[in-house]
Amino acid sequence: MSPGFLPAVAGQGAAAAVQLLVTLSFLPSLVMTQVTGVLDDCLCDVDSIDNFNNYKIFPKLKKLQERDYFRYYKVNLKRPCPFWAEDGHCSIKDCHVEPCPESKIPVGIKAGHSNKYLQAANNTKELEDCEQANKLGAINSTLSNETKEAFIDWARYDDSQDHFCELDDERSPAAQYVDLLLNPERYTGYKGSSAWRVWNSIYEENCFKPRSVYRPLNPLAPSRGKDDGESFYTWLEGLCLEKRVFYKLISGLHASINLHLCANYLLEETWGKPSWGPNIKEFKRRFDPVETKGEGPRRLKNLYFLYLIELRALSKVAPYFERSIVDLYTGNLEEDADTKTLLLSIFQDTKSFPMHFDEKSMFAGDKKGAKSLKEEFRLHFKNISRIMDCVGCDKCRLWGKLQTQGLGTALKILFSEKEIQKLPENSPSKGFQLTRQEIVALLNAFGRLSTSIRELQNFKALLQHKRCHCL
């Protein structure tokens, strides 16, 4: 061995070590440096959303979600999967959902039914059913009871035509109240073929995937081939705006859920006491541009796009809640008044945001074609809401159903502008209604998106801290 070889090797090793440190210090910041700028299909930028969300609306949403009206959600977690034989429910203890005892539910909530959001409308649905039955009786008194019930069911079906989600029947014995604060969304360990099949069905069968695209849309697909990620998204350019929006909404929802799991991860368990917190390694696995072949930042941008859609819906539905007839009734009049004041403050903030998504750009072409496309859009999303009943983990199913219902409610609002403009001030509207279930889902779903964007900034700080330590 040459005498000069060791110093040369040492010098090269030192240079390589320095280069490695520089590379390591740079990689963690790649996620955040690529999630910047103006979002596609709208005129809003990421920084504006960050500032608006983190400093203005997130603290208020957090308080709102702690109010009784918004923390109790009635859901049926026992509905069978309508598409395939179930594998059985997850046996991991963190998948379990603890239902709320009846004694804990505020009297004004449990005494009501699906559309009880105001005291004056306690019996609205029963009255409407009676009116419908009376009309049928006036038309033909010889109709059997079964026939009358069928007519009433048809009328209800007509009323459901603006729904983008398959709603749970809150009168079902299997439907139970859940305290969302005691059953937080976090990593449960639910994964594998069951989780893969749910997301695969959503992406491959419902996201308007062109036949010419062979690569799986599902990020959980076992093989992604040699595609660098960037070229994969060129297929989106060939789709119409409405179908691009649909894909981005689903991708954004998936990214948001993944962020919640990364931010509230089971780090360790000592003496039966779990420790939950952010998992940087898991975050990078799901979103780092290197590990995801460039797709991670796109997924996060879709999260911002979804945030804009639901933000727009909140600003549009504000007049519905600003009416004096709406009081978010739980039975505690003082708290109910405070809750409404807080909610209206949030609506004022949403209306002040200067760069809203313009939903009028959608379904704006030929009337017949636009109507057909809108119905296709609605049915695809409704199908996804039904797929949530195929999730094997109860806690994942709970939050999946809530967030898809929240988004479905947002879509219903965006495409009901004329009906909202015609709302009567002092009486329930027949043209546009929201059930309590929809209201709770809408605000909690947006709260989840707001939390995701807030957590994204936390990960940015953690990655920056890690980068400084590398240096």
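Each reported figure results from applying straightforward, stated rules to the coordinates on display, with no laboratory input. Here the structure is a predicted model, which is why all the values come from computation and not from measurement. Neighbour counts are summed over all protein chains in view; Cβ atoms, including those assigned to glycine, are modelled from backbone coordinates with ideal geometry.
Brief remarks follow.
- Model label sites at Lys360 and Leu181, defined 7 Å from Cα along the beta-carbon direction, differ in position by 4.1 nm.
- Per-residue 3J(HN,Hα) values for the range 423-430, derived from phi via the Karplus relation 6.51 cos²θ - 1.76 cosθ + 1.60 with θ = phi - 60°, read 5, x, 6, 10, 8, x, 8, 8 Hz in sequence order (x marks Gly and Pro).
- Highest mean packing comes first when the peptides 238-246, 390-398 are listed by Cβ atoms within 10 Å, giving 390-398, 238-246.
- Projecting the Cα positions of Ser345, Met355, Asn332 onto the charge dipole of the range 249-384 (unit charges on Cβ atoms of Lys, Arg, Asp and Glu, taken about the Cα centre) puts Met355 furthest along the positive direction.
- Straightening the chain between Ser212 and Trp196 buys 3.5 nm, computed as 0.36 nm per residue apart minus the Cα-Cα spacing.
- Amide H contacts under 5 Å for Val178, placed H, 5+ residues apart: Tyr73, Lys74, Val75, Cys100
- Within the range 409-471, trypsin sites (Lys or Arg not before Pro) in DSSP loop having at most 14 other beta-carbon neighbours inside 10 Å: Lys422, Lys430
- Bins of 5 Å from zero: percent of alpha-carbon pairs in the range 330-454: 2, 8, 12, 19, 21, 17, 12, 6, 2, 0, 0
- Arg323 versus Leu379: modelled label distance in nm, points set 7 Å from Cα along the beta carbon direction: 3.2 nm
- Full-stretch length increase - Glu205, Glu98 - with 0.36 nm per residue and alpha-carbon distance subtracted: 35.3 nm
- C-alpha center-to-center spacing [the range 431-445, the range 352-424] in angstrom: 12 Å
- The range 358-446: GluC sites (Glu not before Pro) in DSSP loop, at most 12 other beta carbons within 10 Å: Glu425
- Placing a label point 7 Å from the Cα of Thr234 along the Cα-to-Cβ direction, none of the residues of the range 289-313 has a backbone N under 12 Å of that point.
- Stretchable slack from Asn426 to Val290, in nm (0.36 nm times residue separation minus alpha-carbon distance): 43.3 nm
- Positive minus negative residues near Phe287 (Lys, Arg vs Asp, Glu; Cβ under 13 Å): +4
- 5 angstrom amide H check on Tyr329, placed H, neighbours 5+ away: Leu118, Gln119
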